[in-house]
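A short write-up of the structure that comes next.
The values are calculated or read from the model by the stated rules, or taken from the named source; none is laboratory data. As the structure is a prediction and not an experimental result, all values here were calculated from the model. So basically every Cβ, Gly included, is an ideal-geometry build from the backbone, and we count neighbours across all protein chains shown. To get the accessible areas, we keep the full protein, side chains included, count just its heavy atoms, and leave off ligands, DNA and RNA. Shrake-Rupley method; radii C 1.70, N 1.55, O 1.52, S 1.80 Å.
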Amino acid sequence: MSFVDFAELKTRVPIEDVLTWLGIETKKASNGQLRGCCPIHGGNSPREFVVTPSKGLYFCFAGCGGGDIIKLVANHRKIGTKEAGAEIAAHFGKGTVTAAGNSTVPGKGTVPQNEKAGFNPLTYLEATHEAVQALGVSAGTCGHFGAGYAPKGILRGRMAIPIHDKAGLLLAYCGRTVKGESPTLTFPNGFQAADVIFNAHRVTQGELYLVRDPLQVLTAYESGIENVVSFLTEAISAQQLEQLASLMDEKQCESAVLF
């Protein structure tokens, strides 16, 4: 049996064509993204399902996750990825070829190139650790954010995620559970989590997404959604909302969608 070259398939078949094929309705937003109700879990919010055509990726903010055209077809039709790839190839007449090899991904100690001086980055974090992969975060995304599994230190046994101020200065790391234990997030002694909006230093002009957990910021990025922030506390104070309003005004964000 022949194998589908997933990499070639994803470069040749636009995700918009796959949406049409599957009968998924979306509307175009001002930033070039497409939005609609999630067809995977049958959602009813017209903003929860976001497609980024320029990257060939989709993401559901309601919990279905995201991915490329192959994962979209697999999740929508409730089939395996190999079968999904074969169906796409057959429908769009792209044929089947031998499978492509694995690409190289970052390993341990990945630190973003744009990391600014401040708190010393942790160079021992493991971007390819299976516990991190199980959360739906690839080594590439870990590399972009400077995150990874902490095998030692005060965050040992957790996913360490760097926290920056609005200017991009590294302030500290939070520890995100990988096993479901409580609390979900831990912080260094003395760190005031309510004073920071996670990922604020990467916000750009346009619509902003606010999610509940820094992990959701990473998984959204994994699926092509970059203008996403989260608070670092479960309860949200009036002061934090003022911080968000100030950030949106400064970055000229037209609106914020909450998930």
Once Ala90 and Asn31 are pulled to full extension, the length gained, defined as 0.36 nm per residue separation minus their Cα-Cα distance, is 18.0 nm
Stretched fully, the stretch from His41 through Ala131 gains (0.36 nm per residue minus C-alpha distance, one decimal, in nm) 29.8 nm
With every protein chain in place, the accessible area of Arg47 for a 1.4 Å probe, in Å² rounded to the nearest 10, comes to 100
Treating only Lys and Arg (+1) and Asp and Glu (-1) as charged, each at its beta carbon, one finds that region 1-88 has a dipole about its Cα centre, in Debye to the nearest 20, of 240
Semi-axes (Å, rounded, descending) of the ellipsoid equivalent to the chain per its C-alpha gyration tensor are 33, 23, 15
Rounded to 0.05, the calculated FRET efficiency for the beta carbons of Asn189 and Arg212 at R₀ = 25 Å is 0.55
Sorting Gly140, Phe198, Thr219 by the position of each Cα along the dipole of region 131-259 (Lys, Arg +1; Asp, Glu -1; all at Cβ), the one nearest the positive end of that ordering is Gly140
Taking Cα atoms, the helix 81-91 axis meets the longest principal axis of the chain at an angle in degrees (rounded to 10) of 50
With +1 at each Lys and Arg Cβ and -1 at each Asp and Glu Cβ, the charge dipole magnitude of the chain around its Cα centre, to the nearest 20 debye, comes out at 420
By the Kirkwood definition, with r running over pairs of different Cα atoms, region 163-211 has a hydrodynamic radius in Å of 12.4
Quick calc, region 195-259, dipole around Cα centre from Cβ unit charges on Lys, Arg (+) and Asp, Glu (-), nearest 20 debye, gives 80
Spelling it out for Ala256: with amide H atoms placed in the peptide plane at 1.01 Å from N, the residues 5 or more places away or on another chain with amide H under 5 Å from its amide H are Leu208
Ranking Phe198, Phe191 from most to least accessible area with a 1.4 Å probe gives Phe191, Phe198
Between the modelled labels at Arg77 and Thr11 (7 Å from Cα along Cα→Cβ) the distance in nm is 2.4
Compactness summary of region 154-259: radius of gyration and Dmax from Cα atoms, Å, are 13.4, 40
